[in-house]
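Nothing in this text is a laboratory measurement; each read-out follows from the coordinates by a stated rule. Predicted model, so just to flag it, every value in this text is computed and none were measured. Glycine gets a Cβ as well: all are built from the backbone with ideal geometry, and neighbour counts include every protein chain shown.
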Amino acid sequence: MSPNPEMWDELSGRVAAVQNPWIRQLLESVLQRHGERLKVWPAAMMVHHAYAGGLLEHILKLAEVGGGLAASYGVDPDLVLAGAILHDLGKLEELGHDGATTYSRSGNLLGHITLGVKMVGEMAAEIAGFPDDLRERLEHMVVSHHGARALGSPVEPMTEEALILSAIDDLDATLHQFKRHVREDSGEGEFTAYHTRLRRVLLKPSGR
Ligand SMILES: [Fe+2]
Ligand SMILES: [Fe+2]
């Protein structure tokens, strides 16, 4: 799957529509500064969206689904969008992508959550007057997005927006693995082969 200019336009449009001026400014600087890599980066080395443009596809899905949930539950849509865009930003440093995807030195040593929270803190610090409370809410979304300590987050989600982000992040990654596993299963049976990471077989959709 190759990077798609329509996906970039959609992301830029969502950022331009952000109401909170601080969040909009921060996200605009993310797009400006990291745009070239964001357009082509994979979201992972193997687990999900592990191809060029995979990270952008993942971000856009979270932006779309997160926007719907923010409206349904009456939470701050700007924070949810910011979480969608910022939560895996550390993957730009964690992964090297030059044809093949590899872990960088800092990726191995620090991981994308630590790298990402540093990037968000640094970018907020460059915007004069950026509110500390808002910066911490955004940093919290980055560090809690794996949802549990056992899954690599040092703290669990403590805001509604962070909880929504961690839930849809897991949902999107897992659904992506479902779809791929079904698509790549070459067996004849009704069920797929065992998926070692998901620890289950899957029932193939009818009619496919
Ligand atoms: Fe992550
Ligand atoms: Fe993610």
If you count, for each residue, the other Cβ atoms within 10 Å and average over each peptide, how do 85-95, 31-41 line up from highest to lowest? 85-95, 31-41
Mean residue ellipticity (222 nm) of the chain, computed from DSSP H runs ≥ 4 via -39,500 (n - 2.57), nearest 500: -19500 deg cm²/dmol
Note on region 1-105: the mean projected area of its alpha-carbon convex hull, in nm², is 6.8
Counting other beta carbons within 10 Å of each Cβ, put Glu136, Glu10, Glu188, Glu161 in order, fewest first. Glu188, Glu136, Glu10, Glu161
Other residues with Cβ under 13 Å from the Cβ of Gly90 give, with Lys and Arg +1 and Asp and Glu -1, a net charge of -2
Kindly put Ile59, Ile127 in sequence by how many other C-beta atoms sit within 10 Å of each C-beta, fewest to most. Ile127, Ile59
Rounded to a whole number, what is D in µm²/s for the chain from Stokes-Einstein with the Kirkwood radius over alpha-carbon pairs (4 °C, 1.567 mPa s)? 73
I need the shape label for region 59-142. Rule: rounded when a/c is under 1.5, else prolate if a/b > b/c, else oblate, with a, b, c from the alpha carbon gyration tensor. oblate
Just name one of Leu31, Pro205, Tyr194: the one whose Cα is farthest towards the positive end of the charge dipole of the chain (beta-carbon charges, Lys/Arg +1, Asp/Glu -1). Tyr194
Size of charge dipole - region 5-184 - debye, nearest 20, with Cβ of Lys, Arg +1 and Asp, Glu -1, no other charges: 440
Working out 0.36 nm times the residue gap between Arg37 and Val155, then minus their Cα-Cα distance, what length gain in nm do you get to one decimal? 39.7 nm
Please state the relative contact order of region 5-184 as a whole percent: Cα pairs under 8 Å, 6+ residues apart? 19
Between Ala50 and Arg200, how high is the FRET efficiency from 1/(1 + (r/R0)^6) when r is the Cβ-Cβ distance and R₀ = 35 Å? Nearest 0.05. 0.95
Specify whether the C-alpha gyration tensor of region 99-165 places it in the rounded, prolate or oblate class, a ≥ b ≥ c being the square roots of the eigenvalues: rounded for a/c under 1.5, otherwise prolate if a/b is larger than b/c and oblate if not. oblate
Among Pro21, Val80, Phe178, the residue whose Cα sits farthest towards the positive end of the charge dipole of region 5-184, when +1 is placed on the Cβ of each Lys and Arg and -1 on the Cβ of each Asp and Glu, is Phe178
FRET efficiency for Glu64 and Gln19, using Cβ-Cβ distance with R0 set to 22 Å, rounded to 0.05: 0.80
Mind listing which chymotrypsin sites (Phe, Trp or Tyr not before Pro) in region 135-207 are in a DSSP loop and have 16 or fewer other Cβ atoms within 10 Å? Tyr194
How far apart, in nm, are two points set 7 Å out from the Cα along the Cα-to-Cβ line at Asp133 and at Glu10? 3.4
Can you put Ser144, Ser153, Ser186 in order, fewest other beta carbons within 10 Å first? Ser186, Ser153, Ser144
